[in-house]
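What follows is a short report on a single structure.
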Amino acid sequence: MKKVLGLFSALLLMVTLVGFTSGASNAAMVKQKPFADRLEVAIQKYTNNARKRNNLQTVRTSKCLDKYAESWARKLARENKFEHRNLSTIINGCDLGYVSENIVKYPVGGSADQVGKKSVGLWLNSEGHRRNMLDKPSRLIGLGAARTSDGYWIVVQNFAR
């Protein structure tokens, strides 16, 4: 009987350890968000940091603006183009009074946070882009990021009031 209890205890201990080990490896196997999504988060973070430094309210994500920014970034990346879109499409599609747009083409390499910080820095050093980012009445943002076939990230940033 002692031998059976000993074997049972050893088996229970093995099952428990395997359970904890399996749980740990399942947690490690959780998928990380795609790079483009992490890049968009970083860009919004650095954009809002710049707005705070300038005593402005932060911008919040608009699903409608996001949809347009993401589709435009994908189109530019797919067609290997770099141009602004007709903003009346977004104004009418999202029922807004004002929309502005920043775009950047940045080489692939580095973390999403590094690319996001550098992209926002480039915009802040350009008068027109800076004006868009620091527009006081703007409260909404939409972001899209897509990779070109020749190794660049195209990022689209739309602001709205």
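The values are calculated or read from the model by the stated rules, or taken from the named source; none is laboratory data. Here the structure is a predicted model, which is why all the values come from computation and not from measurement. Positions of Cβ are generated from backbone atoms using ideal geometry, with glycine treated the same way; all protein chains shown enter the neighbour counts. Just the protein is used for accessible areas: all its heavy atoms, side chains included, with ligands, DNA and RNA removed. Shrake-Rupley method; radii C 1.70, N 1.55, O 1.52, S 1.80 Å.
Just a yes or no: is a residue in the stretch 148-156 touching a residue at least 40 places away in the same chain (Cβ under 8 Å), part of a helix (DSSP H, G or I) and in contact with a helix residue (DSSP H, G or I) (Cβ under 9 Å, 6 or more places away or on another chain)? Outline the logic, then answer.
Within the stretch 148-156, the first condition is being touching a residue at least 40 places away in the same chain (Cβ under 8 Å), and the residues that meet it are 148-156.
The next check asks that each one be part of a helix (DSSP H, G or I); those that pass are none.
So far as the stretch 148-156 goes, no, none of its residues is touching a residue at least 40 places away in the same chain (Cβ under 8 Å), part of a helix (DSSP H, G or I) and in contact with a helix residue (DSSP H, G or I) (Cβ under 9 Å, 6 or more places away or on another chain).
Name the pairs whose Cβ atoms lie under 6 Å apart, with the first residue in the stretch 110-123 and open to solvent by 10 Å² or more (accessible area, probe 1.4 Å), the second not in a loop (DSSP other than H, G, I, E, B), and 6 or more positions between them or separate chains?
Every condition considered, the pairs that remain are Asp113/Ala42; Lys117/Tyr46; Leu122/Val104.
Output the number of residues of the stretch 39-61 satisfying the condition of being within 23 Å of Ala146 (Cα to Cα), of a type in the set (D, E, K, R) and open to solvent by 80 Å² or more (accessible area, probe 1.4 Å).
Of the residues in the stretch 39-61, 2 are within 23 Å of Ala146 (Cα to Cα), of a type in the set (D, E, K, R) and open to solvent by 80 Å² or more (accessible area, probe 1.4 Å).
Answer yes if at least one residue in the stretch 84-106 is of a type in the set (S, T, N, Q), at pLDDT 95 or above and under 11 Å from Val156 (Cβ atoms), and no otherwise. I'd like the intermediate steps shown before the answer.
Going residue by residue through the stretch 84-106, those that are of a type in the set (S, T, N, Q) are 86, 88-89, 92, 100, 102.
Then drop every residue that is not at pLDDT 95 or above, which leaves 86, 88-89, 92, 100, 102.
Filter once more, so that each one left must be under 11 Å from Val156 (Cβ atoms): 102.
Looking through the stretch 84-106, at least one residue is of a type in the set (S, T, N, Q), at pLDDT 95 or above and under 11 Å from Val156 (Cβ atoms).
In the stretch 62-93, which residues are closer than 14 Å to Ala146 by Cα and of a type in the set (A, V, I, L, M)?
Those that are closer than 14 Å to Ala146 by Cα and of a type in the set (A, V, I, L, M): Ala69, Ala73, Leu76, Ala77.
So how many residues does the stretch 124-145 have that are open to solvent by 10 Å² or more (accessible area, probe 1.4 Å) and within 14 Å of Ala36 (Cα to Cα)?
Of all residues in the stretch 124-145, those open to solvent by 10 Å² or more (accessible area, probe 1.4 Å) come to 124-132, 134-137, 139-140, 145.
From what's left, within 14 Å of Ala36 (Cα to Cα): 145.
Matching residues across the stretch 124-145 total 1.
Any idea which residue in the stretch 73-108 is surrounded by the fewest Cβ atoms within 10 Å (Cβ to Cβ), counting only those that are basic (Lys, Arg) and in a loop (DSSP other than H, G, I, E, B)? Give the derivation first.
Initial filter on the stretch 73-108 (basic (Lys, Arg)): 74-75, 78, 81, 85, 105.
Remaining after also requiring in a loop (DSSP other than H, G, I, E, B): 81, 85.
On the way: Lys81: 11, Arg85: 18.
So the residue we want is Lys81.
I need a count of the residues in the stretch 24-44 that are among the small types (Gly, Ala, Ser) and at pLDDT 75 or above. Step through it out loud before you land on a result.
Our first condition is that a residue be among the small types (Gly, Ala, Ser); within the stretch 24-44, this holds for 24-25, 27-28, 36, 42.
Pick out the ones that are also at pLDDT 75 or above and you get 36, 42.
Of the residues in the stretch 24-44, 2 are among the small types (Gly, Ala, Ser) and at pLDDT 75 or above.
Out of the stretch 149-161, which residues are more than 15 Å from the chain's Cα centre (by Cα) and open to solvent by 10 Å² or more (accessible area, probe 1.4 Å)?
Across the stretch 149-161, the qualifying residues are Ser149, Asp150, Gly151, Tyr152, Arg161.
Select, from Ala50, Ala73, the only residue that is at pLDDT 95 or above and under 16 Å from Phe35 (Cα atoms).
Details: Ala50 fails: under 16 Å from Phe35 (Cα atoms).
So the residue among Ala50, Ala73 that is at pLDDT 95 or above and under 16 Å from Phe35 (Cα atoms) is Ala73.
Read through the list (1) farther than 15 Å from Ala42 by Cβ; (2) touching a helix residue (DSSP H, G or I) at 6+ places or on another chain (Cβ under 7 Å); (3) open to solvent by 50 Å² or more (accessible area, probe 1.4 Å), then give the number of the only condition that Cys64 fails.
(3)
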